[in-house]
Amino acid sequence: MAEKMLVTQALDERDLLVKKIGDKISKLRLVDCKKHNEERTATERMSADEFSEQASSAYQQVMDLIDRYQRLDAAIIASNASTFVEASQGRYTVAAAIALRNRLKTTTSGSSTKGSGFEQHLISTLELQYKLHVDYADTRNRELEKQAEAMRLSILGKDSKVKDEKPLEVVTAYIHENTTEVIDPLGAQKKAQELREQIDALLKELDTQIKVSNATTMIEF
């Protein structure tokens, strides 16, 4: 007879079955040895018939649990593929919502392009490139200021009280022409923050919708 339960209950049981099956397999005793002139097996210390009965029973228990796991898993997958949830960015099957949630949670390492965490990779790229070029511009401009100061001293001398500023105009022009500026047409920092906020909001939505769906959708297996 078919069983019915909420998806959230099925998920909990599926997790428990993983542990239960693993524990039972690790405790299986399916093979032993026995001398011809002894009644009991060497390890389990029981008759061959008793050992055979125990081994068969334990093995069948594991197979029954595996069968239950597979039926539960298939029912969950089928439900996720046919049940829909709504989010601000569209309508998704639960399966698609779970896949999207998992992808959005994917992290990247440095500039690595491995995996499908595209948004996180994009955020990292925006932030890294902005920082690198701001640091580069700051370094170059500090060097420029040192050069300009050396030019001023060369023109005026350290202790000179020259009132005529015209000789210094060349220094001002030099600074203007050689100043390094950051070209940031997208507003990288702001864009990265906007993307992060959008992802965080969508993740909260998806988490909520998936939980509500799991808590209200029945499966049969």
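The values are calculated or read from the model by the stated rules, or taken from the named source; none is laboratory data. This one's a predicted model, so the numbers in the text were calculated from it and none came from an experiment. Glycine gets a Cβ as well: all are built from the backbone with ideal geometry, and neighbour counts include every protein chain shown. Areas reflect the complete protein model, heavy atoms only, side chains present, ligands, DNA and RNA absent. Shrake-Rupley method; radii C 1.70, N 1.55, O 1.52, S 1.80 Å.
Can you report the number of residues in segment 39-79 which are in contact with a helix residue (DSSP H, G or I) (Cβ under 8 Å, 6 or more places away or on another chain), without any contact (Cβ under 8 Å) to a residue 24 or more places away in the chain and surrounded by 15 or more Cβ atoms within 10 Å (Cβ to Cβ)? Walk me through it before giving the result.
Within segment 39-79, the first condition is being in contact with a helix residue (DSSP H, G or I) (Cβ under 8 Å, 6 or more places away or on another chain), and the residues that meet it are 41, 44, 46, 58, 61-62, 65-66, 68-69, 72-73, 75-77, 79.
Adding the requirement that they be without any contact (Cβ under 8 Å) to a residue 24 or more places away in the chain leaves 41, 44, 46, 77.
Now narrow it down to the ones that are surrounded by 15 or more Cβ atoms within 10 Å (Cβ to Cβ): 41, 44, 46.
So the count comes out to 3.
Of all the helices (runs of 4 or more DSSP H) wholly in segment 115-221, which have at least 2 residues that are in contact with an Asp or Glu (Cβ under 7 Å, 6 or more places away or on another chain)? Lay out the reasoning, then the answer.
On the way: elements: 118-156, 169-178, 188-216.
By residue number, 118-156, 188-216.
Quick one: would you say residue 20 is surrounded by 15 or more Cβ atoms within 10 Å (Cβ to Cβ) and more than 36 Å from the chain's Cα centre (by Cα)?
Working: surrounded by 15 or more Cβ atoms within 10 Å (Cβ to Cβ): yes; more than 36 Å from the chain's Cα centre (by Cα): no.
It is false that residue 20 is surrounded by 15 or more Cβ atoms within 10 Å (Cβ to Cβ) and more than 36 Å from the chain's Cα centre (by Cα).
Looking at segment 169-221, which of the residues that are of a type in the set (Ser, Thr, Tyr) and under 20 Å from residue 144 (Cβ atoms) is farthest from the chain's Cα centre (by Cα)? Before the answer, list the steps.
Step one: of segment 169-221, the residues of a type in the set (Ser, Thr, Tyr) are 172, 174, 179-180, 208, 213, 216-217.
With under 20 Å from residue 144 (Cβ atoms) added as a condition, the list becomes 172, 174, 179-180.
Details: 172: 51, 174: 49, 179: 41, 180: 37 Å.
It comes out as 172.
Within the set of pairs 6 or more residues apart or between chains, which connect a residue that is modelled with pLDDT under 95 inside segment 173-193 to a residue that is open to solvent by less than 50 Å² (accessible area, probe 1.4 Å) with Cβ atoms less than 6 Å apart?
No pair meets every condition.
Residues that are without any contact (Cβ under 8 Å) to a residue 40 or more places away in the chain, open to solvent by 50 Å² or more (accessible area, probe 1.4 Å) and among the basic types (Lys, Arg): does segment 202-209 have at least one?
To start, the set of residues in segment 202-209 that are without any contact (Cβ under 8 Å) to a residue 40 or more places away in the chain comprises 204, 208.
Filter once more, keeping what is open to solvent by 50 Å² or more (accessible area, probe 1.4 Å): 204, 208.
Right, trim to among the basic types (Lys, Arg) and you get 204.
Yes, the conditions are met somewhere in segment 202-209.
Pick from segment 17-67 the residues that are part of a helix (DSSP H, G or I) and basic (Lys, Arg): which of them is farthest from residue 221 (Cα to Cα)? Talk me through it step by step, then tell me what you get.
Looking only at segment 17-67, we keep the residues that are part of a helix (DSSP H, G or I), and these are 17-27, 48-67.
Next, from what is left, pick out any that are basic (Lys, Arg): 19-20, 24, 27.
Details: 19: 21, 20: 20, 24: 23, 27: 28 Å.
That would be 27.
I'm checking my understanding of the structure. Among residues of segment 57-82 that are under 14 Å from residue 25 (Cα atoms) and hydrophobic (A, V, I, L, M, F, W, C), which one is nearest to the chain's Cα centre (by Cα)?
Once the filter is applied, the top-ranked residue is 66.
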